[in-house]
Amino acid sequence: MSENPVAHVDLGKLAQNLAFVRESVAPAVKTMAMVKADGYGHGLPAVAKRLAAGGVQWFGVATPGEARALRAAGLGNEILLLSPVRDRTTITELCDLGVALVATDEASVDAYLAADLPRTLRLHLKVDTGMGRLGLPWSQTAEVAVKILDGHDLELQGVWTHFSDSDAASRSATLAQIEAFELALRELARHYIQVPLRHVANSAAIFAYPEAHYDMVRPGIVLYGYHSSDMIAAMEPRVTPVMRFSAPITFVKRVAAGTTVSYGALWQAPHTTQVATVRLGYADGYPRLLTGLGWASVNGVRCPVIGRVCMDQLLLDVGAAGPVAAGDRATMWGGSGPDAEELARSINTVSYELLTRLMPRVERVYSN
């Protein structure tokens, strides 16, 4: 077994989670799988290949580098880069790679028109219906759509928006966003503009808002085995985490009552116990904020993180875990360990952050 932290990724569970998504939408509805942030920390090429084998037509990415990585891995699926691009050279490269880009306003369309386009550049027009990050008001949708349609070597392939609160118990904000999106569609129809792909539904909306499936859905965190709220989890309880994260124990010792460990002497042994040093720290992506809050499974026993989480190491109280030796492994989340969402909530964040912050020195090992 590796002497490094390892993210054990079960691609069979990934495929199963995708199947649960597909069961929730009509057969004609396409799927754009979110694989940004290195496949939510699971490893972009392997994750994308398995999802493609499961029938995913589109991939959503956040950076040009992620789009390049998909093409370098031999994936010919459709790709949408979710953020606008301004650099002309990058626009040309992505167009040549067959990557669809986002139009957020007239200025973004002007940037695409100014680039050297080796083929028709497909654009997805982003409508801001309430998220407030990117996009134009619904009232300007037709105006910018006409500019795209009139542009040389530009194609209006999609129109989309993003929900800000689709996992909440209150439905008012999301219903208002759906209505704003419908107004944008009506504005396009008033100008006799038909767009092949309308897409708005993220992981939560796939289950909570079937009326918002349109032509394509965009599952993200659900593919990797988590939901963004307990309410959504109750709607599709079969989803299971894809990753089990483990790290090696490098040193074990007995300590007497009153012994302190790690920076700041934050923890003091309440009685004689056994302490294990684990080769894992915040430089690997394990949050320093989990100091005194996290736990791991050793020999199937819950063992608390004690003392300050360090850059490359942390400590566990393994006194209740029976015989423990250097070379054993601690399960940090997944499997017999804690749920990543549980850990995330203890430090007021989300499972997304724990998964995506895993650093390159964490090995990815794949199984089915």
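The values are calculated or read from the model by the stated rules, or taken from the named source; none is laboratory data. Small disclaimer: the values here were computed from a predicted structure and weren't measured. Here the Cβ is made from the backbone with ideal geometry for all residues, glycine too, and neighbour counts use every protein chain on show. Calculation scope for accessible area: heavy atoms of the full protein, side chains included, ligands and nucleic acids excluded. Shrake-Rupley method; radii C 1.70, N 1.55, O 1.52, S 1.80 Å.
Where the centre of each part is set by its Cα atoms, how far does region 158-220 sit from region 256-276, in angstrom?
53 Å
According to the square roots a ≥ b ≥ c of the eigenvalues of the Cα gyration tensor, what is the shape class of region 1-95, taking rounded for a/c under 1.5, prolate for a/b larger than b/c otherwise, and oblate for the remainder? Show your work: numbers first, answer last.
Working: a/c = 2.35, a/b = 1.18, b/c = 1.99.
Oblate, since a/c reaches 1.5 and b/c is not below a/b.
What aspartates and glutamates could a cross-link reach from Lys49, if we take a straight Cα to Cα line under 15 Å and drop same-chain neighbours fewer than 8 places away?
Correct list for Lys49: Asp10, Asp38, Glu66, Glu78.
Does region 55-177 come out rounded, prolate or oblate by the C-alpha gyration tensor, with a ≥ b ≥ c the root eigenvalues, rounded set by a/c under 1.5 and, if not, prolate when a/b is larger than b/c and oblate if not?
Working: a/c = 2.30, a/b = 1.33, b/c = 1.74.
It is oblate, given that a/c is not under 1.5 and a/b is not larger than b/c.
Given 0.36 nm per residue, what is the gain on full extension from Asn4 to Ser164 after removing their alpha carbon distance, in nm?
Values: separation 160, 0.36 × 160 = 57.60 nm, distance 3.74 nm.
Length gained, Asn4 through Ser164: 53.9 nm.
Out of Leu11, Ala28, Gly65, whose Cα points farthest toward the positive end of the dipole of region 1-68 (charges: +1 Lys, Arg; -1 Asp, Glu; placed on Cβ)?
The one lying farthest along the dipole's positive direction is Ala28.
For Ala276, what charge total do you get from the other residues with a beta carbon under 14 Å from its beta carbon, if Lys and Arg give +1 and Asp and Glu give -1?
On the way: positive: Lys253, Arg254, Arg279, Arg302, Arg329; negative: Asp317, Asp328.
Combined, the nearby Lys, Arg, Asp and Glu give +3.
If I model a spin label at Arg361 and Ser336 as a point 7 Å from the Cα along the Cα→Cβ vector, what separation in nanometres do I get?
Placing both labels 7 Å beyond Cα along the Cβ direction yields 2.7 nm.
May I ask you to evaluate 6.51 cos²θ - 1.76 cosθ + 1.60, the Karplus curve with θ = phi - 60°, for each residue of region 117-133 and list the ³J(HN,Hα) values in order in whole Hz, giving x for glycine and proline?
Along region 117-133, the couplings run 9, x, 7, 5, 8, 8, 10, 10, 7, 8, 9, 8, 9, x, 6, x, 9 Hz.
Whenever you get a sec, compute what percent of the accessible area on the chain sits on carbon and sulfur atoms (1.4 Å probe).
On the way: 7780 of 15070 Å².
Ligands and nucleic acids excluded, carbon and sulfur give 52 percent.
Kindly identify region 161-223 as rounded, prolate or oblate by the Cα gyration tensor criterion: order the square roots of the eigenvalues as a ≥ b ≥ c, call it rounded if a/c is under 1.5, otherwise compare a/b with b/c, prolate if a/b is larger, else oblate.
Oblate.
In Å, what Rg and Dmax follow from the Cα atoms of region 49-105?
Rg, Dmax (Cα atoms, Å): 11.3, 35.
Cross-link partners among lysines for Lys147, C-alpha distance below 30 Å, same-chain residues fewer than 8 apart left out?
Lys147 reaches Lys30, Lys36, Lys126.
Counting Lys and Arg as +1 and Asp and Glu as -1, each charge on the Cβ, what is the dipole of the chain about the Cα centre in debye, to the nearest 20?
Using only the charged Cβ atoms, the result is roughly 1040 debye.
Give me the net charge for the shell around Thr259: Cβ to Cβ below 14 angstrom, other residues only, Lys and Arg +1, Asp and Glu -1. Walk me through the numbers before you get to the answer.
Values: positive: Lys253, Arg254; negative: Asp317.
Counting the neighbours of Thr259, the net charge comes to +1.
Using alpha-carbon positions, what is the distance between the centroids of region 101-130 and region 305-331, in Å?
Each part's Cα centre sits 51 Å from the other's.
Given H placed 1.01 Å from N in the peptide plane, which residues other than close sequence neighbours of Thr291 have an amide H under 5 Å from its amide H?
Val309
In Å and whole numbers, how far do the C-alpha atoms of the chain stretch along each principal axis, longest first?
The Cα atoms of the chain stretch 78, 43, 38 Å along the principal axes, largest first.
What nm value, rounded to one decimal, do you get for the distance between Ala320 and His152 when each label is placed 7 Å out toward the C-beta?
7.2 nm
Pull up all non-local amide H partners of Ala103: gap of 5 or more, or a different chain, and H-to-H distance under 5 Å with H placed in the peptide plane.
Answer set, sorted by chain and number: His124, Leu125, Lys126.
Just from its helices, what would the mean residue ellipticity at 222 nm be for the chain, if runs of 4 or more DSSP H residues each count -39500 (n - 2.57) and the sum is divided by every residue, rounded to the nearest 500 deg cm²/dmol?
Working: 12 runs with 109 residues, N = 368.
Computed mean residue ellipticity for the chain: -8500 deg cm²/dmol.
Charges only on Cβ, +1 for Lys and Arg, -1 for Asp and Glu: so what's the dipole of region 222-368 about the Cα centre, in debye to the nearest 20?
Details: 13 positive and 11 negative charges, 77 e Å.
Dipole size: approximately 360 debye.
Report Rg (one decimal) and Dmax (nearest whole number) for region 236-361, counting Cα atoms only, units Å.
In Å, with Rg to one decimal and Dmax whole: 14.2, 48.
Give me the orientation-averaged projected area of the Cα convex hull of region 159-297, in nm², one decimal.
Numbers: hull surface 50.9 nm².
So the mean shadow area of the Cα hull is 12.7 nm².
Over the chain, with the other protein chains present, what is the accessible area per residue in square angstrom, probe 1.4 angstrom?
Ligands and nucleic acids excluded, the figure is 41 Å² per residue.
Quick query: amide H of Lys30 versus all other amide H atoms, modeled in the peptide plane; which residues come in under 5 Å with a sequence gap of 5 or more or a different chain?
Long-range HN contacts for Lys30: Met216, Val217.
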